[in-house]
Amino acid sequence: MLDGLIISIDAMGGDHAPSIVLAGIEYFLKHEGQGRRARFLLHGDEAQIQPILLKCPRTRERVEILHTEKVISMEDKPSHALRKGKGSSMWNAIAAVKAGRAEIAVSAGNTGALMAMSKLQLRMKRGVQRPAIAASWPREDGMCVVLDVGANIECDAAQLTEFAVLGEAYYHAIYKKEHPSVGLLNVGTEDLKGNAVIKAAHERLSQSQLDLNYIGYVEGNDISSGGADVVVTDGFTGNIALKTAEGTAKLIGAFFQEALNGSIWSKFTTALNLMALRRLKKRIDPRRVNGGVFLGLNGVVIKSHGGTDAIGFANALNIAIELAESDFLKVIDDKLDALHDEDDNIGFIS
């Protein structure tokens, strides 16, 4: 029986599970988890997990395997996954959080299925309609958080206001900043810009007495340049922005590699600047920001990119540990209670 801080993991979720999942835990324990008290519940096919575990000495000492042969595929629709999902590795990973056996669940599996199962088992916090997915984003002076990046294709003003509250609490828990700035993503910063939903959310956030550091509208270029610590948007816009940024980072990396290998002189200058180039490569590496958090649930679930490698999965684990060691859920409860009390008092209509 494991003790300490327990992370529940869907060992069969993702394009290359369970090998990448176990390699990710091993990488985390070697490079980032030294001295951390985390233990891991692995939900999956023991016959597949055990041979890989033999090659992961650090992981062997920290895990318990809970066997199941049922797996949700990356192609399963959420409705189908719910019908067949009970007893699957994904379902059981979430169930461990619901039962209080683990603090947080992590999966690299099917996003829609994970969202549906998380909502069904953990339920939403008071007044929250659906979870938002929050993603970390590199910028010039550190990191920002963008939400929603895919859970809610359409949002009303009430949801966007809730996202601001959830995102602020998340940023504080992960990056330890008091009163992080919150901006609402728009096509411009002028008051007349934006659709009716954006304008209503802006009015609500501007008038709020929640002690949010709301700075108003921000544009797409502000995400990377540092216009706000927390950028609030709907899932349709946020997901497109996220995928565009990931693709751009990969393209820049490819162009950069091509330029460095273009001539003998390029290779010589590359050798001279090797350390600086390694730092640059690390800063634009999408794996270093892997791990989207479902916010608004009575519990915490983290979605790793399905095609990530060990480094990317290790980053998702690091986010899980940071949240588990913080007062994140209590802060969210307090903020949401205050928000909904405020809504009741002013009769806010989305």
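Any read-out appearing in this document is the output of simple, stated calculations on the displayed coordinates, not a laboratory observation. Note that the structure is predicted; figures quoted are calculated from it, not measured. Using ideal geometry, Cβ is built from the backbone for each residue, glycine included, and neighbour counts are taken over all protein chains shown.
Take the chain, connect every pair of alpha-carbon atoms lying under 10 Å apart with a spring to form a Gaussian network, then pick out the residue of F255, F328, F236 with the largest mean-square fluctuation.
The residue with the greatest mean-square fluctuation here is F255.
Just to confirm a number: summing +1 for Lys and Arg and -1 for Asp and Glu over residues other than L82 whose beta-carbon lies under 11 angstrom from that of L82, what do you get? Show your work: numbers first, answer last.
Values: positive: K77, R83, K84, K86, K119; negative: D76.
Within the 11 Å Cβ shell, the charges total +4.
Where the centroid of each part is defined by its Cα atoms, how far is the range 37-94 from the range 206-228 in Å?
39
Translational diffusion coefficient of the chain at 37 °C, 0.692 mPa s, Stokes-Einstein with Kirkwood Rh over Cα pairs, in µm²/s as a whole number.
Values: Rh = 21.0 Å.
Taking Rh from Cα pairs, D becomes 156 µm²/s.
Going by how many other beta carbons lie within 10 Å of each one, how would you line up H16, H305, fewest first?
In order of increasing Cβ crowding within 10 Å: H16, H305.
So for the pair N221, E178, with labels modelled 7 Å out along Cα→Cβ, what separation do we get in nm?
Taking the two extended label points, one gets 3.4 nm.
Where is the GNM fluctuation largest for the chain (alpha-carbon springs, 10 angstrom cutoff): Q257, Q209, Q129?
Comparing Q257, Q209, Q129 in the GNM, the peak value goes to Q257.
Using the Cα centre of the chain as the reference point, and only Cβ charges (+1 on K/R, -1 on D/E), how large is the resulting charge dipole? Debye, rounded to the nearest 20. Before the final figure, lay out each step's value.
Numbers: 39 positive and 43 negative charges, 289 e Å.
My answer is approximately 1380 debye.
Say the dipole of the chain comes from +1 at the beta carbon of Lys and Arg and -1 at that of Asp and Glu; which of S224, A93, F328 then lies farthest toward its positive end?
Checking the options against the dipole of the chain, the answer is A93.
With each run of n ≥ 4 DSSP H residues scored as -39500 (n - 2.57), what mean residue ellipticity at 222 nm is computed for the chain after dividing by its residue count and rounding to the nearest 500 deg cm²/dmol?
Working: 14 runs with 170 residues, N = 350.
My calculation for the chain gives -15000 deg cm²/dmol from helical runs alone.
Pairs of alpha-carbon atoms within less than 8 angstrom and 6+ residues apart define the contacts here; what relative contact order does the chain have, in percent?
The value is 23 percent.
For K125, K177, what's the fewest-to-most ordering of other Cβ within 10 Å of each Cβ?
Taking fewest neighbouring Cβ atoms as first place, the list is K177, K125.
Please order L336, L295 by the number of other Cβ within 10 Å, starting at the fewest.
Placing the least packed residue first, the sequence is L336, L295.
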